[in-house]
Amino acid sequence: MSPAWLVAAVVALGHAAGDEVRAGGLSLPEAESSLRTATLALLGAHRMPPAPDARGSREPGPRQAGRTVA
């Protein structure tokens, strides 16, 4: 895949995440997590630990616990 295609795909993922938040389908933290996971998968990166939340914890919050994000 060309770099230009990958950039376009990541931008499209970002727009899709924003659309889901505006439509009420995902909370902002869920959209951020989904975008991060999908972008890493698209780019062929290995699974990364979740980003720290506002408290600095890397533990999933109650809304993320047990949720699989594509």
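Site pair residue 45 and residue 12 shows an inter-label distance of 2.0 nm when each label is modelled 7 Å from Cα along Cα→Cβ. Model label sites at residue 1 and residue 23, defined 7 Å from Cα along the beta-carbon direction, differ in position by 2.1 nm.
Bear in mind these aren't lab numbers, they're just calculated from the coordinates by the rules spelled out. Given the structure is predicted, the values throughout are model-derived calculations rather than measurements. All Cβ positions, glycine included, derive from the backbone under ideal geometry; neighbour counts span all protein chains shown.
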